[in-house]
Amino acid sequence: MKLGSEEHKQLFCQDFMATHLEYEPETMSFPELNEAELDRLRRIPFWGIALDTEREAGMMVSAMADTIDDPEIRAAIALQGEEESRHARLIECLIRHYDLQVEEPPAPVLPKNITQAFTDFGFGECLDSFFAFGMFGLARQAKYLPESMFTLFDPILDEEARHIVFFVNWITYVQAQQGRSDILRGVHSAFHYGRALFNLGKMVLAKDGNEGFTATGAKTFVDDLTLPQFLSATISENQQRMSRFDDRLLEPKLLPRLASIALRATTLLPNRPTEMKAEVSR
């Protein structure tokens with residue numbers, strides 16, 4: 001299959017549409033939690049930023065769909081916008097159901113350059129989802145919350161995986177249609193990944209408490225987490241999520257490759273613990 005061809009477009013659009021799940025957050029049954037479990041849920045630090053991010057994403061992605069002429073790509077991006085907005089509704093329902101004390105985020109503002117915002121968001125989501133997959137796996141292994149809660153959120157992470165696979169195929173298709181060579185497409189991707197890494201670094205170093213999905217999550221879920229443990233979890237969980245897609249589809253490769261290199265490098269460092277403590281803070 002030639003990248004940028006009609007066959008390529010049909011594959012990534014139809015795969016995305018066919019794997020859409022039908023559910024409504026307002027009718028979902030949330031697990032009953034005891035006091036200790038509820039306290040753990042309330043100590044997760046990112047519900048506010050998650051709600052803000054998903055609301056902004058839903059509005060921006062839906063606006064992006066309106067700029068697309070190709071009917072199949074427009075329909076797929078519009079569906080992603082619906083899914084992003086549905087994620088925000090799910091978080092809203094969770095906040096209300098468990099009475100989480102979350103400050104209401106400001107109303108989202110539509111960016112001036114929708115295409116640029118969608119592109120930046122896509123590359124950023126490739127990075128953030130990679131780390132989120134690992135943290136989800138670590139929290140599940142540590143039994144931070146009941147398995148029923150992880151089962152509830154499993155489809156959400158699968159949707160995020162669908163989003164980033166669709167995005168890397170879409171951006172490659174667009175650039176191939178513009179006649180860009182493999183080298184130019186690589187330079188373009190490197191530039192945008194650099195921007196995404198820079199923005200992620202700013203969140204990690206933030207001191208205002210709004211450190212994003214991945215910057216604070218791991219230390220919340222698992223005590224004494226080491227870098228090799230975290231890298232191993234992210235690589236394993238990412239491989240599991242990506243294994244469900246058609247082999248002909250592109251998938252995000254940069255961060256998994258960098259993580260694998262970093263993991264191999266850590267084996268050369270002396271006196272590094274190799275086993276993860278699954279004990280959670282109480």
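Since every read-out is calculated from the coordinates, none of them should be taken as a lab result. Given the structure is predicted, the values throughout are model-derived calculations rather than measurements. Counting neighbours? That spans all protein chains shown, and the Cβs are built from the backbone with ideal geometry, glycine included.
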If the cut-off is a Cα-Cα distance under 14 Å, which aspartates and glutamates reach residue 9, setting aside same-chain residues fewer than 8 apart in sequence? 69, 70, 72, 246
In order through segment 107-120: 3J(HN,Hα) via Karplus (6.51 cos²θ - 1.76 cosθ + 1.60), integer Hz, x for Gly, Pro: 4, x, 10, 6, x, 5, 9, 5, 5, 5, 5, 5, 5, 4
Under a Cβ-Cβ cut-off of 12 Å, what is the net charge of the residues other than residue 256 that fall near it, where Lys and Arg count +1 and Asp and Glu count -1? +1
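Can you pull out the trypsin sites (Lys or Arg not before Pro) in segment 39-112 whose DSSP state is coil and whose Cβ has at most 14 other Cβ atoms within 10 Å? Please list the in-between numbers first.
Working: sites: 40, 42, 43, 55, 74, 86, 89, 96, 112; in loops: 112.
Taking segment 39-112 and a limit of 14 other Cβ atoms within 10 Å, the loop trypsin sites (Lys or Arg not before Pro) found are 112.
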Got a sec to turn the phi values of segment 59-75 into Karplus ³J(HN,Hα) couplings, 6.51 cos²θ - 1.76 cosθ + 1.60 with θ = phi - 60°, whole Hz, x for Gly and Pro? 5, 5, 5, 4, 5, 4, 4, 5, 8, 8, 7, 5, x, 6, 5, 4, 5
So which GluC sites (Glu not before Pro) in segment 40-131 pass both tests, a DSSP loop state and at most 15 other Cβ atoms within 10 Å of the Cβ? 103
